[in-house]
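The values are calculated or read from the model by the stated rules, or taken from the named source; none is laboratory data. The structure displayed is predicted, hence computed values, not measured ones. Every residue, glycine among them, receives a Cβ derived from its backbone with ideal geometry; neighbour counts consider all protein chains shown.
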Amino acid sequence: MTIRFVFATDSHYHPRAEKDFGPPKMLTRGREVLEAMVEEINASRPEFIVHGGDLLCGGSAFELPWELYLQSVDDVAAAFERFRAPFYCVPGNHDCDAGTGTFAPLAEQIHLPELLDVVDVAPRLRLALANIYQANPMEVGSGEWTEDLDTALAEAGRQALADGCAVILVVHPWVLPGFAPPESPNQGLVKGAERLIETVSNQPAVVAVFTGHRHINRIRMYRDFLIVDTACLIGFPMGFREIRLGEDGLLTAIWHQLDLPEVLEASRQRSIPEINDRWQGEPHDRETEVLLPRLRALWSGGG
Ligand SMILES: [Fe+2]
Ligand SMILES: [Fe+2]
């Protein structure tokens, strides 16, 4: 038995952008990217689809007015209706309205976790979908891993272990430090990341953590679990991940680049090669095979 799913993130749809904003984003091409995303994810025939947040261009930086925010929610909800597999997502800091900080219009059309949703997505596999924006995302852009989230994850981990199920934690910002200026070494990192890492370390049913937010591809083993960070879909390298989980505990990551060569090239031209390499990561940050010891132990243990 192999489980196949898609992980996509930071698609940042804008219904009427007058400029592309910071590279590698191509916000003026939002409609084409949204259409290609739905079509190509469907074509890869996943069992389910997970989005890591920042579906929209609300929140800070983009100055999206309320009417356009509502329009973008409608457009994205209508497009994602066409997914031919169950869809799950976590909120990102750009999924709220810029004026009020509310996620409510999006949550009315696309289910968002209030704290931590734990869902059975395949035999012996659960997602733990975290909402780390309990405070206004305009103030805490990278969110916070709170005590309540920590308690909920520990409980989900214990329950999954008892049931012989693996858990994948999905959270919008990064959980391990990355490129950052010396004056703010925790840039893009969820507040309370150390505690999150400690709790995951202590919960052997949690086999991997998937994130977005930094718009950079990176795959790292930390102790005995995997951390999969994924680049944005709205700019270079303009793709999504197909993930396969084998019964033997092997995770295979396959990179699908959208078939929009002209938009991709325009995005690539916005940065020097060294920066583009940062967005896309090394070859094994895009496509790799990793044996997950926790998954192997859970799935080969019978039951
Ligand atoms: Fe983003
Ligand atoms: Fe973000």
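Just a few scattered comments:
- Looking only at region 2-27, and only at residues there that are farther than 24 Å from residue 129 by Cα and surrounded by fewer than 17 Cβ atoms within 10 Å (Cβ to Cβ), the one that is nearest to ligand 1 (Cβ to nearest atom): 22
- Count of region 1-24 residues which are basic (Lys, Arg) and over 22 Å from residue 80 (Cα atoms): 1
- Counted residues, region 39-62 - those being more than 10 Å from ligand 1 (Cβ to nearest atom) and surrounded by fewer than 18 Cβ atoms within 10 Å (Cβ to Cβ): 7
- Filter pass, residue 145 being touching a helix residue (DSSP H, G or I) at 6+ places or on another chain (Cβ under 7 Å), free of Cβ contacts under 8 Å to residues at least 60 places away in the same chain and among the aromatic types (Phe, Trp, Tyr): yes
- For region 229-256, residues that are buried (at least 24 other Cβ atoms within 10 Å of the Cβ) and among the aliphatic types (A, V, I, L, M) total 5.
- Residue 139 over 30 Å from residue 246 (Cα atoms) and either modelled with pLDDT under 95 or within 16 Å of ligand 1 (Cβ to nearest atom) (or both): yes
- Residue 119 in contact with a strand residue (DSSP E or B) (Cβ under 9 Å, 6 or more places away or on another chain), part of a strand (DSSP E or B) and more than 16 Å from ligand 1 (Cβ to nearest atom): yes
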